[in-house]
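*Asks:* I have a structure here, written as C-alpha cells, and I will follow up with some questions on it.
Rule-based calculations on the coordinates, nothing more; no lab input. All values derive from a computational prediction rather than experimental measurement. All Cβ positions, glycine included, derive from the backbone under ideal geometry; neighbour counts span all protein chains shown.
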Amino acid sequence: MSYKFEAGKDEIIETVIEKIKQKMTGEQAVFCAEFVRQFFGTVALDDLLEWDTDDLYGAAVNFWSLIYRRAPDETKIRIYNPDFERHGWQTTHTVVEILCKDMPF
C-alpha cells in the first residue's frame, strides 16, 4: 500500500518536473527540478491530488523565482493573490512567501 502511495506521488511530481524541463533550460532547470522534488516531497498524496499539475507547477516556479537568487542573510517576503494570467497558477487563497535565514521566531 505504501508503494502505491509513493508511486502516485512520484508521478505527480515528475509531471511537474516535465513542465519545468519544457519551459526552463540549463542549470536553472536542473536546480528547479531538484527544488520541486524537495518542495513537494513531504506533501501527502491526497493534498497533491487536490491541485491541477499546472497550479502545482506555477506555485513551485513562483516560489523558486523568489529564492533562486538571494544574498546571504537577506530576507524576502512576497504576498499576493495568484492569478493564472499573471502568475501562471491560481488559487482562492492569498499566498504569503517568506524566505529567511533559519532562526527562532
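*Asks:* For residue 72, state whether it is more than 21 Å from residue 21 (Cβ to Cβ), part of a loop (DSSP other than H, G, I, E, B) and in contact with a Phe, Trp or Tyr (Cβ under 6 Å, 6 or more places away or on another chain). Even if it seems obvious, please write down each step before you answer.
*Replies:* Values: more than 21 Å from residue 21 (Cβ to Cβ): yes; part of a loop (DSSP other than H, G, I, E, B): yes; in contact with a Phe, Trp or Tyr (Cβ under 6 Å, 6 or more places away or on another chain): no.
The answer is no for residue 72.
One line per residue, one yes/no per condition, for (1) closer than 19 Å to residue 88 by Cβ; (2) in contact with an Asp or Glu (Cβ under 8 Å, 6 or more places away or on another chain):
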site: 10; (1), (2): no, no
site: 19; (1), (2): yes, yes
site: 26; (1), (2): no, no
site: 31; (1), (2): yes, no
site: 47; (1), (2): no, no
site: 53; (1), (2): yes, no
site: 67; (1), (2): yes, no
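*Asks:* In this structure, is residue 96 among the hydrophobic types (A, V, I, L, M, F, W, C) and either surrounded by 14 or more Cβ atoms within 10 Å (Cβ to Cβ) or in contact with a Leu (Cβ under 8 Å, 6 or more places away or on another chain) (or both)?
*Replies:* On the way: among the hydrophobic types (A, V, I, L, M, F, W, C): yes; either surrounded by 14 or more Cβ atoms within 10 Å (Cβ to Cβ) or in contact with a Leu (Cβ under 8 Å, 6 or more places away or on another chain) (or both): no.
The answer is no for residue 96.
*Asks:* When you scan the stretch 84-100, do you find a residue that is touching a strand residue (DSSP E or B) at 6+ places or on another chain (Cβ under 6 Å) and of a type in the set (D, E, K, R), even just one?
*Replies:* Yes, the stretch 84-100 contains at least one residue that is touching a strand residue (DSSP E or B) at 6+ places or on another chain (Cβ under 6 Å) and of a type in the set (D, E, K, R).
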